[in-house]
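See structure below.
Nothing in this text is a laboratory measurement; each read-out follows from the coordinates by a stated rule. No experiment lies behind these values; they were computed from the predicted model shown. Note that we place each Cβ from the backbone using ideal geometry, even for glycine, and neighbour counts take in every protein chain shown.
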Amino acid sequence: MLKIEHLSKRYGDTLAVNDLDFEVKPGVVTGFLGPNGSGKSTTMRVIIGLDRPTSGRATINGTTYGHFKAPLHEVGALLDAKALDPARSARNHLRVLARANRIPFKRVDEVLEFVGVASVADKKVGGFSLGMSQRLGIAGALLGDPGILLFDEPVNGLDPEGIRWIREFFRSLAKEGRTVFVSSHLMSEMAVSADQIIVIGRGKFITSGTVDELTSTATGTIFVRSSDPAKLGQVLRDANGVVEPLHDAGLSVAGLTTNQVGDAAFNASIRVYELTPQRASLEDVFMDLTADSLEYGHKVTEVPS
Amino acid sequence: MSATPTLLDTTRSEWLKFRTVRASFIGVATFFVLTIGLAALITLVIKSNWSQRSAIDKLAFDPVTTSLVGVFFAEFAVGVMGARFVTSEYASGSIRTTLAAVPRRVHLVIAKLIVLFITFVVLSEIVVFAAFELGQAIYKSGHIPFATLSNSTDLRAVIFAGFYLTLLTMVGFGLGLILRTTSTTISIYVTLLLIVPIIVAFLPSSWQNDISKYLPSNLGRSMMSPDLASQSFSWGISTILLTLYTAVIVGAGTFLLTRRDA
């Protein structure tokens with residue numbers, strides 16, 4: 001069990017992480033979602049003891065990372081795939097890590113095989129593509145067969161096949177009862193790969209839940225196509241709906257139920273051809289939730305001339 | 001689950017790290033070529049113009065120190081290797097991978113120190129004995145007074161020339177821990193060994209005598225010369241002082257490593 005306990009981290013004037021407090025449970029893939037600069041990487045760095053928290057702590061089964069003598073058996077982490085000595089071969093890179101944690105070299109060959117870089121194991125990692133480095137990083141995370149796995153933006157640099165592979169891989173790790181904690185700034189990625197999602201913005205906790213829970217809390221809109229969109233629009237506005245005209249005689253309606261829209265159209269003698277509730281996508285929810293907390297938001301919508 | 005890793009495991013991991021990059025071998029080769037090559041060059045030059053020397057010059061001739069002159073160039077090679085043993089990890093970012101695998105940071109520094117100390121005490125002694133023997137063979141062939149290791153003072157000078165280089169490797173490493181980038185570390189290291197003595201030379205001579213004997217390069221000179229210059233510490237005191245400097249620098253670097261975010 002991974003626990004973040006009232007964790008804050010300040011770098012100079014910047015409060016990168018602000019009183020985060022949550023648990024990551026085993027057996028599921030937990031997504032850690034937030035815009036760039038929201039504190040995801042900082043949180044991960046504190047978890048594996050690279051950075052010291054300003055206050056609070058992160059514990060793994062009740063212990064802070066710094067107390068582990070053979071941490072690779074407890075936590076496998078891939079934070080920065082390029083954090084390697086470029087002059088060393090992939091096999092030697094893993095052997096160095098294995099040696100320090102009393103892991104037999106046989107295991108190094110196993111994980112190299114598993115992630116599919118065995119054929120280039122004796123090549124210098126400096127020549128690896130980002131995708132290959134990611135795979136090598138995953139091999140490093142698996143070395144000690146740990147119960148907790150952390151991945152910071154793991155799909156970066158992977159090709160579509162690699163992304164597919166990694167999603168299935170996360171699922172299988174979770175199915176084995178491991179804790180899998182994956183960060184991403186891509187909500188679309190989290191929607192398909194994570195069971196549980198924790199959303200942060202500007203270092204602060206925003207919300208958490210399953211993908212379904214997060215999307216159902218958001219107010220969905222209704223799409224309605226009718227014989228007289230202009231008139232229907234007026235009628236719905238009078239019924240306190242928020243109406244936005246769309247292409248092809250359609251309207252997007254918020255603030256009303258499908259029944260209310262249907263009844264209003266019937267009473268005004270407007271024929272309805274289509275009436276569809278639109279489920280909010282995780283993307284919409286995410287944009288909604290983090291709109292106020294974008295560290296590097298787009299302030300201008302047009303390119304200044 | 002496997003047994004708890006010991007200091008020996010961490011040390012073996014660091015040794016593996018040291019010997020699995022080509023830069024280590026290039027560095028060691030440079031170290032050998034500088035020390036032994038310069039010994040050959042200088043002693044051959046001395047041999048070729050020995051006949052033109054004055055009687056006083058011949059009397060003041062020191063066959064030991066002249067054969068070990070390469071040490072003053074090799075000290076830069078070992079300092080850079082010591083520094084790079086940690087700064088290259090900061091340059092590539094692999095320090096984070098290292099610290100994730102070995103979160104006990106003091107433990108990590110000790111393992112690195114063991115690797116550096118054993119490797120460089122062995123290499124340095126090989127190098128200085130080779131330089132000494134080569135130089136003496138050249139002197140002998142030119143019928144110039146030469147030294148032998150059967151003289152205990154000369155033996156001590158050679159052994160401590162190697163130990164001087166070993167300590168300087170650790171100084172480079174300690175500065176690397178403090179400064180974290182290779183270029184800054186090398187600048188400070190060169191300043192310490194080369195620039196500071198030049199500045200001191202411009203001070204009033206009464207100050208000079210007090211200050212210059214404390215300089216690392218002069219401590220090294222005392223450690224590796226058979227005779228004692230009048231303004232220097234003895235070889236014993238010099239060794240203790242330089243060991244102390246090294247301990248302070250490495251200690252400060254270790255303290256900073258345990259405090260800082262990686």
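Here's the picture: a label point sits 7 Å out from the Cα of B:PHE129 along the beta-carbon direction, and within segment B:162-192 the residues with their amide nitrogen under 18 Å of it are B:162-167. Going 7 Å from the Cα of A:ARG57 in the Cα-to-Cβ direction, what parts of segment A:3-29 have a backbone nitrogen less than 18 Å from that spot? Hits in segment A:3-29 for A:ARG57 at 18 Å: A:3-10, A:19-24.
Suppose we take every Cα in the protein assembly as shown and form the convex hull; what volume per residue is that in Å³? Write out the running numbers ahead of the final one.
On the way: hull volume 126.5 nm³, N = 567.
Output value, Cα hull per residue: 223 Å³.
When Cβ neighbours within 10 Å are restricted to other protein chains, what is their mean count per residue of peptide A:8-15? Provide the component values of the computation, followed by the final result.
Numbers: counts 0, 1, 0, 1, 0, 0, 0, 0.
Counting Cβ atoms of other protein chains within 10 Å of each residue's Cβ and averaging gives 0.
Between B:VAL122 and A:LYS123, the distance separating the two model label sites (each 7 Å from Cα on the Cα→Cβ line) works out to 3.3 nm.
Bridges between two residues of the protein assembly as shown, per DSSP, are antiparallel at a rate of about 65%. Between B:PHE163, B:PHE25, B:PHE72, which gets the highest mean-square fluctuation from a Gaussian network model of chain B, Cα cutoff 10 Å? Judging by the Gaussian network model, the answer is B:PHE25.
Sort largest first and round to whole Å: the equivalent ellipsoid semi-axes of segment A:2-216, each the square root of five times a Cα gyration tensor eigenvalue. Show your work: numbers first, answer last.
On the way: eigenvalues 150, 78, 53 Å².
Taking √(5λ) for each Cα gyration eigenvalue gives 27, 20, 16 Å.
Separation of the alpha carbons by more than 28 angstrom is noted, of A:LYS69/A:LYS106; A:LYS123/A:LYS175; B:LYS17/B:LYS213; A:LYS9/A:LYS69; A:LYS40/A:LYS69; A:LYS25/A:LYS204, for A:LYS123/A:LYS175; B:LYS17/B:LYS213. Along its first, second and third principal axes, ordered by size, segment A:1-129 spans 44, 29, 26 Å in Cα coordinates. Taken about its Cα centre, segment A:38-131 carries a charge dipole of about 220 debye when Lys and Arg each add +1 at the Cβ and Asp and Glu each add -1 at the Cβ. Report, to the nearest 10°, how far helix B:152-179 tilts away from the longest principal axis of the Cα atoms in chain B, using its own Cα long axis and a range of 0 to 90°. That works out to roughly 40 degrees.
With the Cα gyration tensor of segment B:25-121 giving a ≥ b ≥ c as the square roots of its eigenvalues, does the rule (a/c under 1.5 for rounded; else a/b larger than b/c for prolate; else oblate) give rounded, prolate or oblate? Mind dumping the intermediate values first?
Numbers: a/c = 4.99, a/b = 3.36, b/c = 1.49.
The shape class here is prolate.
Relative to the longest principal axis of the Cα atoms of chain B, helix B:22-48 runs at roughly 10 degrees. From the P(r) of segment A:30-87, can you give the percent of Cα pairs sitting at distances over 16 Å? Roughly 52 percent, rounded to a whole number. Centroid-to-centroid, using Cα positions, segment A:210-264 and segment B:89-163 are 80 Å apart. Which values of log₁₀ I(q)/I(0), to two decimal places, follow from the Debye formula for segment B:132-262 at q = 0.12, 0.16, 0.17, 0.21 Å⁻¹ with a uniform point scatterer at every Cα? Treating every Cα as an identical point scatterer, log10 I(q)/I(0) equals -0.59, -0.91, -0.97, -1.18. The simple Förster model, with R0 at 60 Å and r as the Cβ-Cβ distance, assigns B:ALA247 and A:HIS247 a FRET efficiency of 0.20. Using bins of 10 Å that start at zero, the share of Cα-Cα pairs per bin across chain B amounts to 7, 28, 32, 21, 9, 3, 0, 0, in whole %.
Going by a ≥ b ≥ c, the root eigenvalues of the Cα gyration tensor, does segment A:114-174 fall in the rounded group (a/c under 1.5), the prolate group (a/b larger than b/c) or the oblate group? Don't skip to the end; give the middle numbers.
Details: a/c = 1.85, a/b = 1.31, b/c = 1.42.
Note, shape of segment A:114-174 comes out oblate.
Placing unit charges on the Cβ atoms of the charged side chains and taking the dipole of segment A:132-237 about its Cα centre, the candidate lying farthest along the positive direction among A:ALA191, A:LEU232, A:ILE206 is A:LEU232.
Order these peptides, B:51-57, B:110-116, A:25-31, A:118-124, by their mean beta-carbon neighbour count within 10 angstrom, highest first. Provide the component values of the computation, followed by the final result.
Working: B:51-57: 9.0, B:110-116: 21.6, A:25-31: 19.9, A:118-124: 14.7.
Ranked from most to least packed, the peptides come out as B:110-116, A:25-31, A:118-124, B:51-57.
What number, in nm² with one decimal, is the all-direction average of the projected area of the convex hull of the alpha-carbon atoms of segment A:220-279?
Working: hull surface 13.1 nm².
For segment A:220-279, the mean projected area of the Cα convex hull comes to 3.3 nm².
Between the helical axis of A:160-175 and the longest alpha-carbon principal axis of chain A there is an angle of about 80 degrees. Structural descriptor for segment B:7-259: relative contact order 25 percent, calculated from alpha carbon pairs under 8 angstrom and at least 6 residues apart. Which part of segment A:252-266 falls in the paramagnetic zone of A:GLN278, meaning amide N under 11 Å from the point 7 Å along Cα-to-beta-carbon? Residues passing the 11 Å test: A:252-254.
Of all lysines in the structure, those lying under 25 Å Cα to Cα from B:LYS140, and not within fewer than 8 positions of it along the same chain, are B:LYS47, B:LYS58. Straight distance only, please: which aspartates and glutamates reach the Cα of A:LYS82 with their own Cα at less than 13 Å, same-chain residues fewer than 8 apart left out? Partners within reach: A:ASP152, A:GLU153, B:GLU89. Dividing the Cα radius of gyration of segment B:125-187 by its Kirkwood radius returns 1.22 for Rg/Rh. The translational diffusion coefficient of segment A:128-246, from Stokes-Einstein at 37 °C and 0.692 mPa s with a Kirkwood hydrodynamic radius over alpha carbon pairs, comes to 185 µm²/s.
Using only C-alpha atoms and all pairs of different ones, pull out the Kirkwood radius for segment B:172-243 in Å with one decimal. All intermediate terms of the calculation are to be shown ahead of the outcome.
Numbers: mean 1/r = 0.0757 Å⁻¹.
The answer is 13.2 Å.
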